[in-house]
Amino acid sequence: MKYLKIIAFTHKQIELKELGKLVICQENLTEKLQKIKVLFDIPEIFYVATCNRVEFVMATANSIDHDFITKFIHALDMGICSNHIDTFIKGGTVYEDNEALNHLLRTSCSLESMVVGEKEILAQMRKAYECCRDAGLTGDYLRMVMSTAVKTAKEVYTHTSIAKNPISVVSLAYRKLKDLKQCSNARILIIGAGETNRNISKYLQKHKFSNFAVFNRTLSKAQDLAADLTGEAFTLDELPEYKKGFDVIITCTSCKEPIITRELYRSLLNGETDKKTIVDLAVPNDTSPEVLAEYPVNFIEVQSLNDIAKKNMQERYQELVHAEKIIEQNILEFVPMLKQRRIEVAMREVPEKIKEIRKNALNTVFADEVQNMDKESREVLEKVINYMEKKYISVPMIMAKEILINS
């Protein structure tokens, strides 16, 4: 454990826009980390970068102090000016030994994320580790560390409710829309082509919805989103003239006044009288209260979704104590597992050494005596030696493990 070290730069100490300066291009990653390994004599290293963290996980005997971090960042040669380097050095956090393992396990379980319970971090960590492993940057030690991180995260997600209830407005909105059981060919009007509508569109596309019309103030942005959805694109000004009807409206714009007025809604209905659905994710709402008062509408709006999100987030935080117990148990299990692995590695040469002794005894030391034995005697001798060889191989391993368990 004394060799596990982590240098972490996260959203907790450094602004997100600044963190981007530490992201290493995938094309240069192996080259830069190989250079770092040689320069600082680091046996094993892997690098993790997500939207809110950049971390270097190492197996090294080096002392990770202010001077080391300064030289480390300079050696990465990322073209960062000296003022920014000072910001990173001051904002970086060093974890060592048990604290490092605890941090890595908490990170894999999303307990250190901006949004607790988001499973994406585990996949990102695994991909980052596997990339460095395949490049020959890691070895047996970090393999065991990462294996424990993955095992712990799976146990946390399986045995707690930390990721059970969604907390993003977009995912909640989609769930409510899904509960209304719209058919995959439902006519969906998307008003606004910003990030929120893009995100909910990904859910719709993933679940095979296929009939879209996108409206946006800037036509090019509407066209980009419509191209992703294989739908039609229009400017916002064309909305009153749209006569193809709809089943669902999804709207999120930055307008201060309602876009979907009583008159516009009547026009969009184009004579249809059945109950429609509006997903309004704008603040303030894009839908006029008059529409909701006069027409039968399944109305999904951002305020009620925010209330659910807050409740779900609170429930996730209540699960932290259970997650931390699982992490603590895995840390306790890791230490003897690591010791046992070290014994296995140390004992790896025992079988070959014993086979070498056997060969030397039969072919050199006692070669003449063996040759003078009759066939039956040689067969008995062979059985005795085979038996003793197996015992000599297994006994040291058994004794070492017993010593480990007893200690």
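The values are calculated or read from the model by the stated rules, or taken from the named source; none is laboratory data. Since we're looking at a predicted model, the values are computed, not measured. Cβ: placed from backbone, ideal geometry, glycine included. Neighbour counts: every protein chain shown.
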*Taking the stated definitions as given, is Phe209 in contact with a helix residue (DSSP H, G or I) (Cβ under 7 Å, 6 or more places away or on another chain) and more than 21 Å from Glu272 (Cα to Cα)?*
no
_Matching residues in segment 25-52 - criterion: being at pLDDT below 85 and not in a helix (DSSP H, G or I)_ = Cys25, Thr50, Cys51, Asn52
_Matching residues, segment 36-91, being closer than 15 Å to Glu15 by Cβ, out of contact with any strand residue (DSSP E or B) (no Cβ under 7 Å at 6 or more places or on another chain) and small (Gly, Ala, Ser)_ = none
*Does segment 63-79 contain any residue that is buried (at least 16 other Cβ atoms within 10 Å of the Cβ), modelled with pLDDT of 85 or more and of a type in the set (Lys, Arg)?*
no
*Only one residue in Ile73, Ile69 is among the aliphatic types (A, V, I, L, M), over 20 Å from the mean Cα position of the chain (by Cα) and over 27 Å from Thr148 (Cα atoms). Which one?*
Ile73
_Number of positions in segment 181-211 that are at pLDDT below 90, more than 26 Å from the chain's Cα centre (by Cα) and within 26 Å of Lys310 (Cα to Cα)_ = 1
*Only residues that are free of Cβ contacts under 8 Å to residues at least 60 places away in the same chain and in contact with a helix residue (DSSP H, G or I) (Cβ under 7 Å, 6 or more places away or on another chain): list them for segment 79-129, please.*
Ile80, Ile85, Ile89, Thr107, Ser108, Ser110, Lys119, Leu122, Arg126
*asked:* Against the definition (within 30 Å of Lys151 (Cβ to Cβ) and in contact with a helix residue (DSSP H, G or I) (Cβ under 9 Å, 6 or more places away or on another chain)), how does Ile326 come out, yes or no?
replied: yes
